[in-house]
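Engineer: Structure in C-alpha cells, see below.
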Amino acid sequence: MFIDTHCHLADPKLADTDAVVEEYLKAGVDTVMTMGCCAQTSEVGFEQSKKYPSVYFASGVHPSDSAGYNNQEKDRVIKIATDKKCVAIGEIGLDYYWKPYDKDTQIKVFIDQIEIANELKLPICVHMRDATQDTLQVLTEHKPMYGGVLHCFSGSVETAKIVLDKGFYISFAGTLTFKNANKALEVGKFVPTDRCLTETDSPFLAPTPYRGTVNSPKNVPIICDFLAKLKGIELTEFAKTVKNNAQTLFPKLKNV
Ligand code: NI
C-alpha cells in the first residue's frame, strides 16, 4: 500500500536487488520509483522495471552529473523515456552544495531536460539543494507542462508555498524524522495532504532509528507514518492519499 517515489536502486549499496525488492514488498511497499542520475543509471532503472513489476523508473541526468551531459547522453535518456514504465524525467535540477559545481552548465542541462519532459509529456522529479532562487527562476521561465515534484524538500514554508502555487508536489524523506528537523516539521504540517508524496532517497538518508545505515525502500512506511502522525491522519488513509497523489502526478503508474 506504500509508495517510494524516489530511490536509487542502481546504487551499488543496493546491489542485491532481489533481496531489496523482497524486503520492501514484505514491508507493504508495492510501488517504487527509481531515479536516473545519468544515462547509465537510468538504463539500469529501465532494466529493473522490466524485471520487477513493482519498479518504475525516471530517466535523467542529476545536476551533479551535468558535466557529462552531451548529445549522446541526451539521446540515451530520451530513448528509454518513452517506455511504458518511465514515469518521469529525473532526477534533474540544481545542486550548489557539492563542490566544485558549474552553475551555468547545471542550469543549461536542467532547462534542456525540462524541454525533453515537455516534448515527451512527462512530469519531472526535481533535486534542489542550496539553489532555491535559481531553481525557482528556471521553473518559472521554463515551465514543466506536466508538473513535477520537489524531492526531499529542504526549503522553508515560504518556499513550499511558492512551489505549491506553481502546482508542484512536495516529497518528504527520512530527513523529516531527524532530531534537528524543525523546519521540515513546519513544512510537513503546512503542505496540503493532496500534494504530499513520500520517498526514501535510498540508499541515502535512512530515517530515525536507522540513521547512518544503508537506506532502502522498505523504510518508506516509517516516513509515511511519521508524516501521517504529524498531520493527525490515520496511517492507512494517508498512505492511500499519497498513492493517489502519485498516480495523479505520474499517470504512467496506472498504465501497466
Ligand atoms: Ni536522489
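Engineer: Run the numbers on the chain and let me know its relative contact order in percent, using alpha-carbon pairs under 8 Å that are six or more apart.
Structural biologist: Averaging sequence separation for qualifying contacts and normalising by length gives 21 percent for the chain.
Engineer: Treating cross-link reach as a plain straight distance, find the aspartates and glutamates whose alpha-carbon is under 17 Å from the alpha-carbon of K84, omitting any fewer than eight places away in the same chain.
Structural biologist: Of all the aspartates and glutamates, those that pass the test against K84 - Cα under 17 Å, at least 8 places apart if same chain - are E43, E47, E119.
Engineer: Holding the Cα-Cα limit at 18 Å, pick out from K74/K121; K13/K243; K143/K243 the pairs that are longer than that. Don't skip to the answer; put the middle values down first.
Structural biologist: Values: K74/K121 16 Å; K13/K243 27 Å; K143/K243 25 Å.
Violating the 18 Å Cα-Cα cut-off are K13/K243; K143/K243.
Engineer: Sticking with this one: If the cut-off is a Cα-Cα distance under 22 Å, which lysines reach K179, setting aside same-chain residues fewer than 8 apart in sequence?
Structural biologist: By straight Cα distance, K179 reaches K189, K218, K229, K231.
Engineer: May I pose another question? Out of every Cα-Cα pair in the chain, what percent are more than 32 Å apart?
Structural biologist: Values: 4160 of 32640 pairs.
For the chain, the share of Cα pairs beyond 32 Å comes to 13 percent.
Engineer: When the chain is treated as a GNM, springs tying every alpha-carbon pair under 10 Å, which of L197, L136, L122 comes out with the largest mean-square fluctuation?
Structural biologist: Fluctuation is largest for L136.
Engineer: From the Cα gyration tensor of segment 206-249, with a ≥ b ≥ c the square roots of its eigenvalues, which class applies: rounded if a/c is under 1.5, or else prolate if a/b is larger than b/c, or else oblate?
Structural biologist: The shape class here is oblate.
Engineer: Now, a different point. Which whole-Hz couplings ³J(HN,Hα) result when phi for each residue of segment 136-144 is put into the Karplus expression 6.51 cos²θ - 1.76 cosθ + 1.60, θ = phi - 60°, listed in order with x for Gly and Pro?
Structural biologist: Result, ordered by residue: 4, 5, 4, 5, 7, 7, 10, 5, x Hz.
Engineer: Taking square-rooted eigenvalues a ≥ b ≥ c of the alpha carbon gyration tensor, is segment 120-245 rounded, prolate or oblate, where a/c under 1.5 means rounded and, failing that, a/b exceeding b/c means prolate?
Structural biologist: Numbers: a/c = 1.61, a/b = 1.44, b/c = 1.11.
Judged from the Cα gyration tensor, segment 120-245 comes out prolate (a/c at least 1.5, a/b above b/c).
Engineer: With each run of n ≥ 4 DSSP H residues scored as -39500 (n - 2.57), what mean residue ellipticity at 222 nm is computed for the chain after dividing by its residue count and rounding to the nearest 500 deg cm²/dmol?
Structural biologist: -13000 deg cm²/dmol
Engineer: Would you kindly derive the ³J(HN,Hα) couplings of segment 150-163 from the backbone phi angles with the Karplus curve 6.51 cos²θ - 1.76 cosθ + 1.60 (θ = phi - 60°), listing them in order in whole Hz, with x for Gly and Pro?
Structural biologist: Per-residue couplings from phi come out as 8, 8, 6, 4, 10, x, 8, 4, 4, 5, 4, 4, 4, 6 Hz.
Engineer: Please label the shape of segment 171-256 as rounded, prolate or oblate, based on the square roots a ≥ b ≥ c of the eigenvalues of the alpha-carbon gyration tensor (a/c under 1.5 means rounded; beyond that, a/b larger than b/c means prolate, else oblate).
Structural biologist: Taking the square roots of the gyration eigenvalues as a ≥ b ≥ c, segment 171-256 is oblate.
Engineer: Scan around H6 for amide H atoms under 5 Å from its own, H built in the peptide plane at 1.01 Å from N, and keep only partners 5 or more places away or cross-chain.
Structural biologist: When sequence neighbours closer than 5 places are left aside, the close amide H contacts are M33, T200, D201.
Engineer: Among 215-224, 137-146, 81-90, 95-104, what's the highest-first ranking by average C-beta atoms within 10 angstrom per residue?
Structural biologist: Put in order of decreasing packing, that is 215-224, 81-90, 137-146, 95-104.
Engineer: Could you tell me the center-to-center distance, by alpha carbons, between segment 52-90 and segment 183-256 in angstrom?
Structural biologist: Cα centroid of segment 52-90 versus Cα centroid of segment 183-256: 23 Å apart.
Engineer: Straight-line reach from K183: which aspartates and glutamates have a Cα under 12 Å away, not including same-chain ones fewer than 8 places off?
Structural biologist: E158
Engineer: May I pose another question? Residue farthest toward the positive end of the dipole of the chain, with Cβ of Lys/Arg at +1 and Asp/Glu at -1: which of M128, T140, P217?
Structural biologist: Among M128, T140, P217, the one farthest towards the positive end of the dipole of the chain is P217.
Engineer: So for I233, I107, fewest C-beta neighbours within 10 Å to most, what's the order?
Structural biologist: Going from sparsest to densest Cβ surroundings: I233, I107.
Where a number appears in this text, it was derived from the coordinates with a stated rule and is not lab data. Here the structure is a predicted model, which means the values were calculated and not measured. Every residue, glycine among them, receives a Cβ derived from its backbone with ideal geometry; neighbour counts consider all protein chains shown.
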